[in-house]
Structures are given as C-alpha cells and as structure tokens.
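Down below is the structure, laid out as structure tokens.
The values are calculated or read from the model by the stated rules, or taken from the named source; none is laboratory data. As the structure is a prediction and not an experimental result, all values here were calculated from the model. Counting neighbours? That spans all protein chains shown, and the Cβs are built from the backbone with ideal geometry, glycine included. To get the accessible areas, we keep the full protein, side chains included, count just its heavy atoms, and leave off ligands, DNA and RNA. Shrake-Rupley method; radii C 1.70, N 1.55, O 1.52, S 1.80 Å.
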Amino acid sequence: MFASLASIDWSAQSPIFAAAIVFGYLLGSIPFGLLFARLAGAGDVRKIGSGNIGATNVLRTGNRWAAAATLICDAGKGAVAVLVVRYFQGSETALFAALGAFLGHLFPLWLGFRGGKGVATFLCVTLALDWRVGVLALATWIVVAAFSRLSSLSALVAAALVPLYMALLDYQLDAVLELVLALMIFAMHRENIRRLVDGSEPRIGAKESAPAQPG
C-alpha cells in the first residue's frame, strides 16, 4: 500500500491531481435532490425528513420519480468524473476525481457546504473504478436492504466492505481511497447510527414530513 503511494511522482503530478479534484468537485456538487424535489412540487427537501438532499430523503416526499432521478444523477455524476478523467489522464488521476466528486456531493459550495451523505455517489464511483467491486457493493446494499429495509444500515455495511473488496483484488490505491470514503460515510451517518442503535431509524419507503432533524 505504502509502496504504491511512494511510487507516484507527487511533484510532477500534483497540479494534475488538483485539477482532477476540482473537476470532480464541480460535478459532485450539483444538488440533484434539491432540484428534482422542487420540480416535483415537494418544495425544499432540506425541510423534510432528515433534511438531507439524497435520494432516500427525496423518497420521503412521496415523489418516487424524483427520488429515482436523484439516485441516478447523484450516482452518475461520480461515475462521469471518474470515467472522463481516467480517459484523459489515467487510473491514478481518476482516483482524485472520485475523491473530488464525493466531497462535492457532501460539501457543495452552493448550499453552504451542507449536501448529501454520499451513498449513491460512493457506489457508482466504485462501479466506475472497477465494475466487479461495484457489483459486489451494490449486491451488498441490496441484500442488506431486502432483509432490514434500512437504507442507512445497507449503506454502512456496503461502505465497510468495499475497501476489503478492493484490497482482495490487490488494488492498493483504490482500497486507500475507498477506506477514506467509507470513513466519511460513517461520519455523515452518525445520526443514523444513533437511531439504528435506539431503533428509531425510519425504514425504506416511509414518508416523513417533520422538520429537519438537527445534527
């Protein structure tokens, strides 16, 4: 792992890596959940349910098409960032685009750095980096969701296992990136983790109209 990091010519590649992060961030920061919820007539999704702009919270408005569109676009923006940068600059630089897209979704400049929790973006970034790991991640999410009907639990289990999947395929740099992203997903889900522990976490498809919860 450390050998892979040491093999990079950081002095020469740093400007390219920085540009990839900025490109990824700009794509990742597009708030599709907010846009589609408003188009669906649901108002500001940040004032509904958990206050999150991701697909799960958009679904709580009752607008399934808006939630589906949010899921597709939030996922797609991460994949596009990775695939475009990989095409022009190679796989190592694509990792930085992936990081940028993820950070953009979590901390969009246009929304005061209060964005989504990054699950859809994380899953499709992973799919773009390696389709086999992406399929394993999606399968993990689906299996856990089918049994628990808890979106947050499904996301946490998938995020925890993706770095291991990457490591098992000997993708050392990818595993490092995925570990960083997984840790951020856990941090962004800290309130969900608390609700999972006390049994108050809402299940998939539950409609909520309460004001946004603090934290």
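Observations on the model:
- Taking a sphere under 15 Å around the Cβ of Val157 and counting the other residues whose Cβ falls inside, with K and R at +1 and D and E at -1, yields a net charge of 0.
- Cut-off 16 Å (backbone N to label point 7 Å along Cα→Cβ of Leu168), residues of region 134-159: 134-144, 157-159
- Gyration tensor verdict on region 7-112 (Cα atoms; rounded if a/c is under 1.5, prolate if a/b is larger than b/c, oblate otherwise): prolate
- On the basis of the beta-carbon distance and an R0 of 22 Å, Arg203 and Lys47 show a calculated FRET efficiency of 0.55.
- Computing FRET efficiency as 1/(1 + (r/R0)^6) for Arg132 and Ala160, where r is the C-beta to C-beta distance and R0 is 22 Å, gives about 0.80.
- Under-5 Å amide H pairs with Gly51, H placed in peptide plane, nonlocal only: Gln213
- Backbone HN-Hα couplings from phi across region 18-34 [Karplus 6.51/-1.76/1.60, Hz, Gly and Pro as x]: 5, 5, 5, 5, 5, 4, x, 4, 4, 5, x, 7, 5, x, 4, x, 5
- Using a probe of 1.4 Å on the protein chains alone, the accessible area found for Lys77 is around 10 Å².
- Solvent-accessible surface of region 71-148, averaged per residue with a 1.4 angstrom probe and all protein chains in place: 44 square angstrom.
- Intensity falloff of the chain expressed as log10 I(q)/I(0), Debye formula with alpha-carbon point scatterers, at q = 0.12, 0.17 Å⁻¹: -0.60, -1.15
- With helices as the sole contributors, the chain gives -22500 deg cm²/dmol at 222 nm; each DSSP H run of n ≥ 4 counts as -39500 (n - 2.57), and the sum is divided by every residue.
- Per residue, the average separation of C-alpha pairs within less than 8 Å and at least 6 apart gives region 12-152 a relative contact order of 28 percent.
- Whole-Hz Karplus values for region 103-108 come out as 5, x, 5, 6, 10, x Hz, taken residue by residue from phi with 6.51 cos²θ - 1.76 cosθ + 1.60 and θ = phi - 60°; glycine and proline positions read x.
- Among residues other than Leu27 with Cβ under 12 Å from its Cβ, the summed charge is 0 (Lys and Arg +1, Asp and Glu -1).
- Label-to-label distance, Gln13 versus Arg195, with points set 7 angstrom from Cα along the beta-carbon direction: 4.0 nm.
- Rounded percent of accessible protein surface that carbon and sulfur make up, the chain, 1.4 Å probe: 70
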